[in-house]
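Have a look at the structure below, then the notes.
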Ligand code: IPE
Ligand code: IPE
Ligand code: MG
């Protein structure tokens, strides 16, 4: 049945999960990294084509330096260690965000995995790292302004597709389903353009506890929705 083509996830709740257990926040990030592996594998198994994970936001740079350092290290080593598994599952890795801000050692590991998995044809796993939607849209605006100033683009003719093809997600269809774990009811600067018509699913489960069962619950909920894209129910029933 109608598995979403593109699932985006705001993985939230690592810190609270750890705190609940009397541990440091970073203990939760380690547990969360394991969930990333499990859910990626499950998404591939389910035949989902695109999985886009909000892993580190532009705003997350403002966290205590020690937590940022540990996260950066963890992201690099997890991706490095996981690359053979990505290859086994035919998963291609893509990065979106201001990757140049990632410390060099982790950045190298990330790029190495992107390169190693570049021939994979199954699931496209996009990790949003040092990403925020406003950052992305600002980049797009600069490019469009520059091209207009050079006379390559007519301002009056700019349409949706001119913006879309300059986004870091260019070529990837918009998310059908956006999941946020951890109980907060907000988007926290995630893919504001791309999620214009995504179905939203919020759950209280902290990310380290989000498992295959929870994932399937979110998908089942998505499957029960009627997506109208501004039309009437009668119109979409005709197809
Ligand atoms: C999500 O968990 C991971 C990142 C944002 C990097 P948090 O670290 O935000 O955990 P909580 O929300 O504080 O519990
Ligand atoms: C959103 O989580 C960012 C990521 C999941 C990477 P945050 O924990 O940073 O979001 P806020 O601060 O609760 O909005
Ligand atoms: Mg959080």
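Need the C-alpha centroid separation for the range 124-147 versus the range 46-73, integer Å.
What the calculation gives is 16 Å, centre to centre.
Find the relative contact order for the chain and round it to a whole percent, using C-alpha pairs within less than 8 Å whose residues are 6+ positions apart.
28
Label the range 1-74 by shape, choosing from rounded, prolate and oblate, from the square roots a ≥ b ≥ c of the eigenvalues of the Cα gyration tensor; if a/c is under 1.5 it is rounded, and otherwise prolate applies when a/b is larger than b/c, oblate when it is not.
Prolate is the answer for the range 1-74, as a/c is 1.5 or above and a/b outweighs b/c.
For the residues 36, 68, what sequence is obtained by ranking on other C-beta atoms within 10 Å, fewest first?
68, 36
With a/c under 1.5 counting as rounded, go ahead and sort the range 1-147 into rounded, prolate or oblate using the C-alpha gyration tensor (a ≥ b ≥ c being the square roots of the eigenvalues; past the cut-off, prolate if a/b is larger than b/c, else oblate).
Taking the square roots of the gyration eigenvalues as a ≥ b ≥ c, the range 1-147 is rounded.
Most mobile of 150, 104, 34 per a Gaussian network model of the chain (Cα springs, under 10 Å)?
150
Please state the relative contact order of the range 177-239 as a whole percent: Cα pairs under 8 Å, 6+ residues apart?
Reported relative contact order: 36 percent.
Summing -39500 (n - 2.57) over the DSSP H runs of n ≥ 4 in the chain and dividing by its residue number, what mean residue ellipticity at 222 nm do you reach, to the nearest 500 deg cm²/dmol?
Per the formula, -14000 deg cm²/dmol.
For the residue pair residue 202 and residue 228, what label-to-label distance in nm results when each label sits 7 Å from Cα along the Cα-to-beta-carbon direction?
For the pair residue 202/residue 228, the computed spacing is 2.2 nm.
Along the Cα-to-Cβ line of residue 49, 7 Å from the Cα, sits a label point; which residues in the range 168-205 have backbone N less than 16 Å from it?
Under 16 Å, as judged by backbone N against the label point of residue 49, lie 169-177 of the range 168-205.
Which order do 58, 126, 232 fall in if you start with the one that has the fewest other Cβ atoms within 10 Å?
Result, fewest neighbours first: 232, 58, 126.
With a 10 Å Cβ neighbour count serving as the proxy for reagent exposure, in which order, fewest first, do 226, 80 appear?
Result, fewest neighbours first: 226, 80.
Is the C-alpha gyration tensor of the range 145-239 telling us rounded, prolate or oblate? Criteria: a/c under 1.5 is rounded; beyond that, a/b larger than b/c is prolate, otherwise oblate.
Here the range 145-239 falls in the oblate category.
Every read-out reported here was derived from the displayed coordinates using simple, explicitly stated rules and does not represent laboratory data. As the structure is a prediction and not an experimental result, all values here were calculated from the model. So basically every Cβ, Gly included, is an ideal-geometry build from the backbone, and we count neighbours across all protein chains shown.
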